[in-house]
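The next block holds one structure in the form of structure tokens; read it before the comments.
The values are calculated or read from the model by the stated rules, or taken from the named source; none is laboratory data. Every value quoted in this text rests on a predicted model; they were computed, and no experiment measured them. With ideal geometry, Cβ positions are generated from the backbone for all residues, glycine too; neighbour counts draw on all protein chains shown. Please note that ligands, DNA and RNA were not included when accessible areas were found on the heavy atoms of the full protein model with its side chains. Shrake-Rupley method; radii C 1.70, N 1.55, O 1.52, S 1.80 Å.
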Amino acid sequence: MSAPHYMPLDARGWRLAMGLRPLDLANWLELDEHYDSELAQKAALLAQHRDVVVATEPEGDAGSRELLREVQDFLGRVHPEVATVVDGDEHPIVAASRLIQEDLCVLVKDDDWRLRAACVCFPSRWDLATKIGTTLDEIHGPVPHYDEVLARPTKSFFDRLRPERSFWRLNWTLLDSAALHQPRAARVAPSGELADWFFRVERQTLRQLPTTGAVVFTIRTYVTSAATLASADGEFVPALLHALEGASSDTQDYKGWTGVASRLREGLVAQ
Ligand code: HEM
């Protein structure tokens with residue numbers, strides 16, 4: 001059970017892009033050696049902070065039920081070694097989320113695509129309660145340049161998504177904490193220097209469910225020490241600097257990157 005290693009830094013520097021790639025559903029969800037500990041963290045968060053990590057509306061119930069069946073079916077076929085028994089009284093998106101390391105979101109189209117059910121235990125500094133019931137444009141309201149660059153292609157991608165063709169994409173950032181649960185919306189820059197930083201990658205998948213037509217968005221979060229990545233790969237720090245310095249100042253503010261590249265350069269000179 002070891003997960004592939006994702007390195008989303010792009011030699012061309014930072015670009016705001018959809019970056020979608022075709023997904024073979026045999027690889028829909030990923031299980032690794034952190035399975036037991038991440039499921040235990042989810043159980044603790046669901047017990048203590050349910051209002052922070054779960055948000056549902058009745059419009060998302062049918063899609064959530066179908067999602068739970070799909071998750072159980074996937075695990076039964078691809079990972080028969082793990083349990084798929086759930087508490088039938090629990091909301092199906094929560095029951096599904098307790099079986100896997102991914103966070104789960106269900107979007108349903110009426111006037112527009114809206115987030116109707118979610119169980120997100122490991123958010124990267126966003127507040128689920130403010131997003132439930134809202135559209136893709138509203139969800140992405142704080143993202144600089146989303147409206148001019150990504151809003152139209154993302155909406156049209158959702159309209160054209162079909163159950164036979166699924167997709168995945170990566171997002172990344174730098175934080176000064178390895179904690180998976182980061183619900184605070186503040187975009188503060190990481191404190192300290194490379195040795196204190198963590199490279200946080202989200203592997204996101206998008207698929208349409210065949211029966212309800214709801215769209216499922218999964219988010220799997222991988223956190224690695226930046227110092228470990230730097231010592232394993234001489235290209236990591238140059239690519240990171242290239243990305244940090246190439247982002248617009250709005251994006252740097254939004255991602256909490258302002259001043260980070262110069263601190264990284266100072267640290268390298270001091271070595
Ligand atoms: C093709 C589909 C999508 C694209 C291209 C996309 C793109 C992006 C981008 C570029 C960001 C900025 C984050 C960063 O760079 O760190 C972002 C943030 C975010 N996305 Fe998406 N996204 C997609 C689908 C979704 C869906 C389906 C959800 C449903 C919950 C979602 C929820 C969010 C949230 C909550 C944020 C953080 C917003 C905040 O700061 O408040 N995204 N997305």
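Here are a few things to note about the model shown:
- Filter result for T154 (modelled with pLDDT under 95 and open to solvent by less than 30 Å² (accessible area, probe 1.4 Å)): no
- Subset tally (residues that are assigned to a loop (DSSP other than H, G, I, E, B) and either in contact with a Lys or Arg (Cβ under 6 Å, 6 or more places away or on another chain) or buried (at least 18 other Cβ atoms within 10 Å of the Cβ) (or both)) for the range 223-247: 1
- Beta carbons closer than 7 Å, at least 6 apart along the sequence or on distinct chains, pair a first residue in the range 131-151 that is among the hydroxyl-bearing types (S, T, Y) with a second that is open to solvent by less than 40 Å² (accessible area, probe 1.4 Å) and outside any helix (DSSP H, G or I) for T134/L115; T135/D112; T135/W113.
- Those residues of the range 135-177 which are of a type in the set (D, E, K, R) and closer than 29 Å to A195 by Cα, in sequence order: R169, D176
- Which listed residue is within 14 Å of the ligand (Cβ to nearest atom) and of a type outside the set (D, E, K, R), from T228, T224, T173: T173
- For the range 195-207, a residue qualifies if it is crowded, with 19+ Cβ neighbours inside 10 Å and farther than 16 Å from W172 by Cα, and the qualifying residues are L206, R207.
- If you check E81, E59 for being within 24 Å of P210 (Cβ to Cβ) and away from the ligand (no atom under 11 Å from the Cβ), only one passes: E59.
- Residues that are acidic (D, E) and open to solvent by 10 Å² or more (accessible area, probe 1.4 Å), drawn from the range 58-103: E59, D61, E70, D73, E81, D87, D89, E90
- Meets criteria (away from the ligand (no atom under 14 Å from the Cβ), over 15 Å from the mean Cα position of the chain (by Cα) and open to solvent by 30 Å² or more (accessible area, probe 1.4 Å)) for R162: yes
- The residues of the range 84-124 that are acidic (D, E), over 20 Å from G213 (Cα atoms) and out of contact with any Leu (no Cβ under 8 Å at 6 or more places or on another chain), listed by number, are D87, D89, E90.
- Checking L175, L107 one by one, the residue that is of a type in the set (A, V, I, L, M), over 20 Å from M18 (Cα atoms), touching a residue at least 24 places away in the same chain (Cβ under 8 Å) and surrounded by 13 or more Cβ atoms within 10 Å (Cβ to Cβ) is L175 and no other.
- In the range 178-193, the residues that are open to solvent by 30 Å² or more (accessible area, probe 1.4 Å) and of a type outside the set (K, R): A178, A179, H181, P183, A185, A186, V188, A189, S191, G192, E193
- Note on the range 85-120: residues that are hydrophobic (A, V, I, L, M, F, W, C) and closer than 22 Å to E138 by Cβ amount to 12.
- Looking across R160, R165, R187, one residue alone is of a type outside the set (G, A, S), on the phi < 0 side of the Ramachandran plot and free of Cβ contacts under 8 Å to residues at least 40 places away in the same chain. It is R160.
- The residue that is nearest to the ligand (Cβ to nearest atom), counting only those in the range 89-139 that are in a loop (DSSP other than H, G, I, E, B) and within 23 Å of R162 (Cα to Cα), is T134.
- Of all residues in the range 187-210, none satisfies the criterion of being out of contact with any strand residue (DSSP E or B) (no Cβ under 7 Å at 6 or more places or on another chain) and assigned to a strand (DSSP E or B).
- When residues of the range 248-271 are limited to those that are over 20 Å from the mean Cα position of the chain (by Cα) and part of a loop (DSSP other than H, G, I, E, B), the one nearest to the ligand (Cβ to nearest atom): S248
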